[in-house]
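Report on the following structure.
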Amino acid sequence: MRRVGPLPAAQTAPRPADATAEGVRVSKLMTERGLASRREADEWIEAGWVRVDGRPAVLGQRAQPDARIEVDPRARAEQARRLTVLLNKPVGYVSGQPEDGHQSAVVLVRAENRWADDRSHAALRPGAGLRGLAPAGRLDIDSTGLLVLTQDGRIARQLIGEDSAVEKEYLVRVRALHAGGLTADGLARLRHGLALDGVALKPARVSWANEDQLRFVLREGRKRQIRRMCELVGLEVLALKRVRIGSVALGKLPLGCWRLLGPHERFA
């Protein structure tokens, strides 16, 4: 395999106090530093595009946490070509793999469903196009709104990684299960004080959008979280729509249509 020549300035990180003598996998270090996803890191190492302390890296290699990692510009160019799609998912489609006879939302990402007002104007790559898109987060089968599908592992990690703090905003139409409706105490509990499966939920921003619709802003994404939260305070969810992820809004994207994430758009 041909080795690369001089590389750009290296990225280093402070050495944690608990670093072990055996070191950490280079691909993990690259992910922690935001250089690439684990899969991308392994691909780049295999292609000869990564050096550790001046030497070509090999798959499975371990290094000290403060090692100097250099990435060839060709890896960045390949990363930049990876697409991210914003889809307004309808009810009846699952976010991930098909299940129980329901299709994956990715089947909607075809030429005839591309939004006519997509401002990215980006052409799809011949021979690659939209293959390899994976959902960066869930949206339940009975929910609608903004679903992110991406080929870029960095974006997936940003949105669904363990340390992700990207906000997700939802409009939720509800009905009271008991007389009296949602009390002030119930609203306060929705904001902070509930637990699911024995684990406390992070604080949320919850307010009335209108007389029968709540606005939720969350920084986590537990399975069917909003529906379960509402049940705990005596509410039934009639409709749920995700309208924003970070600084990227659903906007006027029609139901069932998709557009590409613009080159200057960022989730955080």
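The values are calculated or read from the model by the stated rules, or taken from the named source; none is laboratory data. Given the structure is predicted, the values throughout are model-derived calculations rather than measurements. FYI the Cβ positions are ideal-geometry reconstructions off the backbone, even for glycines, and counts take in every protein chain you see.
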Breaking point among (1) surrounded by fewer than 14 Cβ atoms within 10 Å (Cβ to Cβ); (2) over 30 Å from Leu260 (Cα atoms); (3) aliphatic (A, V, I, L, M), for Ala77: (2)
Please state which one of Leu159, Leu201, Leu260, Leu218 is within 30 Å of Gly34 (Cα to Cα) and in contact with a His (Cβ under 8 Å, 6 or more places away or on another chain). Leu201
List pairs: first residue in region 155-176 and assigned to a strand (DSSP E or B), second residue of a type in the set (Ser, Thr, Tyr) anywhere in the structure, Cβ distance under 9 angstrom, at least six positions apart or on different chains. Tyr170/Ser143
Mind listing just one residue for me: the one in region 160-198 that is aliphatic (A, V, I, L, M) and modelled with pLDDT under 90 and, of those, surrounded by the fewest Cβ atoms within 10 Å (Cβ to Cβ)? Ala179
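This table checks each residue for (1) in contact (Cβ under 8 Å) with a residue 40 or more places away in the chain; (2) under 30 Å from Pro254 (Cα atoms); (3) not assigned by TED's automatic domain parsing to the domain that holds Lys252.
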residue: Trp44; (1), (2), (3): no, no, yes
residue: Arg68; (1), (2), (3): yes, no, yes
residue: Ala75; (1), (2), (3): no, no, yes
residue: Val85; (1), (2), (3): yes, yes, no
residue: Asn88; (1), (2), (3): yes, yes, no
residue: Ser120; (1), (2), (3): yes, yes, no
Selection count where residues are buried (at least 18 other Cβ atoms within 10 Å of the Cβ), assigned to a loop (DSSP other than H, G, I, E, B) and at pLDDT 95 or above, scope region 246-268: 4
